[in-house]
Amino acid sequence: MIELRNVTKAYNGAVVVDDVSLTVGRGELAILLGPSGCGKTTTLRAINRMLDIDAGEVLVDGVSVATRSPDELRRHIGYAIQSVGLFPHMSVHRNIATVPRLLGWERIRIDERVAELLELVGLAPSHADKKPAELSGGEAQRVGVARALAADPPVLLMDEPFGALDPLNRERLQREFAELHRRLGKTVVFVTHDIEEAVLLGDRIVLMRDGRIVQDGSPEDLWRAPACDFVRDFFGDEFGLRILSRHRVADLPLGEAPEGDDAPRVRLHTNLRDTLARMVTESTSHVAVLDDTDAVCGGLTFGDVVTGVRETR
Amino acid sequence: MSAYEPGIRRSWPAVAGLTLALAFWVLYEPGVSAVLGMLFPDADTLVYERSPMSRFAAEHLALVMQAGAISVAIGVAAGLLVVSPLGRPFREVISRIAAFGQAVPSVAIMALAVPALGYGSRPVLLALVIFSVLPVMLNVVAGLDGVPADVVEAGKGMGMSRSQRLRQLEIPLAMPVIMTGIRTMLVILISAATLGAVVGAGGFGVPIMSGIGSFNNAVIVHGAVPAILLALIVDQAL
Amino acid sequence: MAGVRGDTPATRTRPTAVITATGALLGAGALFAGPFLSFRPNRVVDGVTSTGLEAFGTVGWALLAAWAVAGALAFVEPARRTAVARGLVAAGALGVTLWASGLAATGYASAEGTIARTSFGWSFYVTLLAVYLVQHAALQDSPGMLARAAIVWSDVLAVAALIASGLLAELGIAREFALARDLFAREFRTHIAYALGATAAAVAIGVPLGILAARNRRFETPLMGALNLGQVFPALAFVGLMMPVFGALGRNVAPLGAIGVAGIGWAPVFVVLLVYALFPVVRNTIVAIRSLDPGVLDAARGVGMSPRRLFAEIELPLGFPVVLAGVRVALVQSTAGAVLAAFVGGGGLGTIMFFGLEQTSMDLVLVGVVPIVALALVFDTGLRGIERLAGGTGEAA
């Protein structure tokens, strides 16, 4: 779907992206992660030709982007950025309709699409006539996502789209977006410097540093087998806890249930991080597991959790 | 620096009242005569008698509108040029030359243009345009500069071409600032056009200067009031 | 595949090179096209005009070469190495142009007598623009203070030396100046008195008003509304309206009449200039106070500064450059605006301008106009310098 071959970009002699090669498959959500200045945003912007590369090649659907006009290319790639960049003089409706308008859609089709998108991103139809200044930060960001999705582009580029939000709103939008991605199956390249966001959203993390890719794999791959000290240091000790939050009790082989009825209980779909938290709160190292019928179907010890997560897929 | 927005603008009742007052002053000479007679009981002549005020109003408006149209055309074009990649090298030097132009009194340009353009409205038009292009151009530039970068960036990211970004995003967002420039331009034009009488371009300056020449305060006021009313109308209406 | 093309070209011509080249082209072109000098047997009759090359002969070709050199140097890298050279070439071109014009005028005068007039045509003004463009670019490329000073002062010295040497004495503007010398001295002083007086009064009244308005919004709205209204009044009409008012004041209030307040003369013009000058002074004072960082003020109060010390040690030094920028705008505006006085018999350099217009002598008009522009430039440059010393930007107010 998206393929970068030996992409290199320099500004005033300083190499910002250095010989990066990367393939993102159809429907995949790839996170470009790294400290600021690592070249992740530059890499992203090379895909829709917001900037032009010095060497290498970018292919979308097997066609080199260099052969397409930048404007035409961008109309077929969704793009959402941290500052949103809603057009302040246009209504929400007109903002979302931007690309369909550029593509010359008919009015009825545009109106239907806007209504559909508002629902998709969780906004009431009454928001359509508002001006961006009347929206909260979270609402504006939802409109930004809707605008990026407007012409149903197969590819979506996102540059810290939730970075400017408060933690509560950010997490809610992140979860909604993960759900949206599962439903729509778009190919997404998502830039962030937030480790938590990367681990929460990404099935695939591309960690960058100084313009190069340091490691590319699932969060579990990066955790179990960091390619170098930088990877380990970048994620830090909390990485394990964050990985735990990606897995559920059901992912582990269950052991014996604890004796007695007053043992703390968790469910099959409880994530492992919450399970661990429960043990700490109840000062126990052994919890009972309930199935969907509220019957005890096994137990889990502290040891099961911390060693088991290493083997989960 | 020092962005200062003076209070409330655009009061339509005020505009309507001022327009009525101007119409009265320009069209109904007996009434004006009566008013001036009350103010200046000793004056031997109360109004400028050689031509009707409507003629000066027409001349004045013609000067302002012609110069304004030329200035808007040049000022907007120059502003767009100066912010375009092609004209960017000239941006600072053009603003400096334009600012320098403001240090030259407008009458001086009228006077100096007489040998080349003759007496009448042409030297005045030249001077008016030179003086009023700057606020238009500066406000076009300031307005376009004030457009948030992320908005333009987002437009670019969605595949708007340069001209689409300019027409759909940058110009509409810059419009309030550009309109301020056009209002300033018109106020400057109305003021400078009163000086055009010096080189025979007519306008409200003719009765004012005639009154000054004959030490007749009533005639001065007869010419000064409509010029002030016109400037106030423009200032309130735009 | 390498080197993807896009909407931003990878290399771009250096802006100062473009400006220098434009200046050099204008300078060269001005020698070929249009009237550079006009020769008339006396003030009134039409004369003959000639281009720079016709009037200057061999010197004209030397000037052409100088402009070619400036244009060629534009593209030599690094730019900073050639900056001073380009600035001096332009200053030289200015000096040689004036000198050659002076020679041509002397030649013509020796044939036609002292009532003959040699005047500049518009190509001369294009040459001035060309000099400015080349030097502007050179100043931007200049490596240091010394280089910049060399470029700026080379112009001043060249012009001053030429005037002092008497080589320009037969040019029309110099002849008219010599004839109007006494009148000029008087009107020049009057003009400066209007500009400085109105500005000083505006500062004396406007700064306190601005401080009050900045602290009290209920006072600010009517004050700025009134001042804004004053800005809108057309100058001549405003003066005209003031004339009967001051006439009445002068007649009825004896002390005012004694200091020369009357409908005709200085009073109405002074007051109109003052009203115009108040606006930038008051506006910038308000902005200066409002734009102070609340954190800084809080910290100052936190360490126990009294309101008086707060004003003296924090508000005044931080706000001074902004206020000064307003004063600069007021002064430049008043300098140009003082020509109004000539309309109502109030004197000033505008009077000379009007004499020139009445006598259809553009050289005499210039004798009035050139010092106004020069004064405005000197005031502007000087105050910008002080602003920068005081920590301001020296940029637009």
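Values quoted throughout were computed directly from the atomic coordinates according to the rules given, and no laboratory measurement underlies them. Being a predicted model, the structure only gives us computed values, none of them experimental. Neighbour counts are summed over all protein chains in view; Cβ atoms, including those assigned to glycine, are modelled from backbone coordinates with ideal geometry.
Divided by 2.2 N^0.38 Å, where N counts the residues, the Cα radius of gyration of chain A comes to 1.14. Near residue A:297, the amide H atoms lying under 5 Å from its own belong to A:289, A:290, A:291; only residues 5 or more places off or on other chains count, and H is placed 1.01 Å from N.
A crude spin-label estimate for the pair residue A:134 and residue B:91, with each label 7 Å from Cα along the Cβ direction, gives 3.5 nm.
Report, in order of residue number, the helices in chain C meeting two criteria: a C-alpha extent of 18 Å or more along the helix axis, and a mean Kyte-Doolittle hydropathy of at least -1.0; treat each whole DSSP H run as one helix.
Values: long enough: C:15-32 (26 Å, 1.50); C:58-73 (23 Å, 1.71); C:79-112 (48 Å, 0.67); C:122-141 (29 Å, 0.86); C:145-165 (29 Å, 1.76); C:181-215 (50 Å, 0.77); C:217-232 (22 Å, -0.03); C:235-252 (25 Å, 1.32); C:266-290 (36 Å, 1.69); C:316-337 (30 Å, 1.39); C:362-389 (40 Å, 1.51).
Membrane-span-like by this rule: C:15-32, C:58-73, C:79-112, C:122-141, C:145-165, C:181-215, C:217-232, C:235-252, C:266-290, C:316-337, C:362-389.
Evaluated over the Cα positions of the stretch C:349-392, the convex hull gives a direction-averaged projected area, one quarter of its surface, of 3.0 nm². Going from the fewest other Cβ atoms within 10 Å to the most, the residues A:269, A:93 appear in the order A:269, A:93. The distance from the alpha carbon centre of the stretch C:272-347 to that of the stretch A:48-64 is 54 Å, rounded to a whole number. Here the spin labels are modelled as points 7 Å beyond Cα on the Cα-Cβ line, and at residue A:294 and residue A:263 they lie 2.0 nm apart. Inter-chain Cβ neighbour count for B:90-102, averaged per residue, equals 3 (cutoff 10 Å, partner chain atoms only). Here the label points at residue C:32 and residue C:253, each 7 Å from Cα along the C-beta direction, are separated by 6.4 nm in the simple model. No solvent, one uniform scatterer per C-alpha: report log10 I(q)/I(0) for the stretch A:83-128 via the Debye equation at q = 0.14, 0.16 1/Å, two decimals. The computed values of log10 I(q)/I(0) come out as -0.31, -0.41.
In the stretch B:43-171, one over the average inverse separation of all distinct C-alpha pairs is 17.5 Å, which is the Kirkwood hydrodynamic radius. Protection proxy ranking, highest mean first, for peptides C:64-70, B:52-58: C:64-70, B:52-58, where packing is the per-residue count of other beta-carbon atoms within 10 Å, averaged.
Among all the lysines, which ones have a C-alpha under 27 Å from residue A:131's C-alpha, if same-chain residues fewer than 8 places away are not counted? The qualifying lysines are B:156.
Hey, if you put +1 on the Cβ of every Lys and Arg and -1 on every Asp and Glu Cβ in the protein assembly as shown, which of C:110, C:138, B:126 ends up farthest toward the positive end of that dipole? The Cα lying farthest towards the positive end belongs to C:110.
Considering all C-alpha pairs of the stretch C:1-159, those separated by over 27 Å amount to 34%.
Per-residue mean of foreign Cβ neighbours for C:23-36 is 0 (Cβ atoms of other chains, 10 Å radius). Peptide A:84-91 has a mean shielding of 6, counted as Cβ atoms of other protein chains within 10 Å of each residue's Cβ. Summarised as an ellipsoid, the stretch A:1-46 has semi-axes of 21, 12, 7 Å, derived from the eigenvalues of the Cα gyration tensor scaled by 5 and square-rooted, with the largest first. Shape analysis of chain C places it in the oblate category; the axes a ≥ b ≥ c from the Cα gyration tensor give an a/c of at least 1.5, with a/b not above b/c. In the protein assembly as shown, inverting the average of 1/r over every pair of distinct C-alpha atoms gives 33.7 Å as the Kirkwood radius. In order along the stretch A:259-272, phi translates into HN-Hα couplings of 5, x, 8, 8, 5, x, 10, 10, 10, 4, 8, 5, 7, 5 Hz, rounded to whole numbers, per the Karplus curve 6.51 cos²θ - 1.76 cosθ + 1.60 with θ = phi - 60° and x for Gly and Pro. Phi-derived couplings, Karplus 6.51 cos²θ - 1.76 cosθ + 1.60 at θ = phi - 60°, listed residue by residue for the stretch B:92-98: 5, 5, 5, 5, 5, 5, 5 Hz, with x used for Gly and Pro.
Legend: calculated FRET efficiency, residue C:221 to residue C:386, from the Cβ-Cβ distance at R0 = 35 Å, rounded to 0.05, equals 0.65. Taken as Cα centroids, the stretch C:183-210 and the stretch C:121-149 sit 31 Å apart, rounded to the nearest whole angstrom. Taken one residue at a time, the phi angles of the stretch B:25-35 give Karplus couplings (6.51, -1.76, 1.60, θ = phi - 60°) of 5, 7, 9, 10, 5, x, x, 4, 4, 5, 4 Hz. Gly and Pro are set to x.
Among rounded, prolate and oblate, which fits the stretch A:158-286 when a ≥ b ≥ c are the square roots of the eigenvalues of its C-alpha gyration tensor, a/c under 1.5 means rounded, and a/b larger than b/c means prolate? Since a/c reaches 1.5 and a/b is larger than b/c, the shape of the stretch A:158-286 is classed as prolate. In plain terms, the bigger the Kirkwood radius, the slower the diffusion; for the stretch C:219-361, with that radius from Cα pairs, at 4 °C and 1.567 mPa s, Stokes-Einstein puts D at 73 µm²/s. Ordering of C:234-242, A:271-279 by packing is C:234-242, A:271-279, highest average first (other Cβ atoms within 10 Å, averaged per residue). Close amide-amide hydrogen proximity is noted between residue C:117 and C:40, C:42, each under 5 Å apart and 5 or more residues distant or on a separate chain (H modeled in the peptide plane; Pro and chain starts excluded). The C-alpha atoms of chain B define a longest principal axis, and helix B:106-117 lies at about 90 degrees to it.
Taking the number of Cβ atoms within 10 Å of each Cβ as an exposure proxy, the fewest-first ranking of B:60, A:286 is A:286, B:60.
In Å³ and rounded to a whole number, note down the convex hull volume per residue for the Cα atoms of chain B.
153 Å³
Near the amide H of residue A:209, within less than 5 Å, lie the amide hydrogens of A:214, all on another chain or at least 5 residues away, with H placed in the peptide plane.
Can you give the helix-only mean residue ellipticity at 222 nm for chain A, where every DSSP H stretch with n ≥ 4 adds -39500 (n - 2.57) and the sum goes over all residues, rounded to the nearest 500 deg cm²/dmol?
About -10500 deg cm²/dmol.
Computed from the C-beta positions of residue C:25 and residue C:309 and an R0 of 56 Å, the FRET efficiency is 0.45 to the nearest 0.05.
In plain terms, the residue of A:266, A:143, C:96 with the fewest other Cβ atoms within 10 Å comes first and the most crowded comes last, giving C:96, A:266, A:143.
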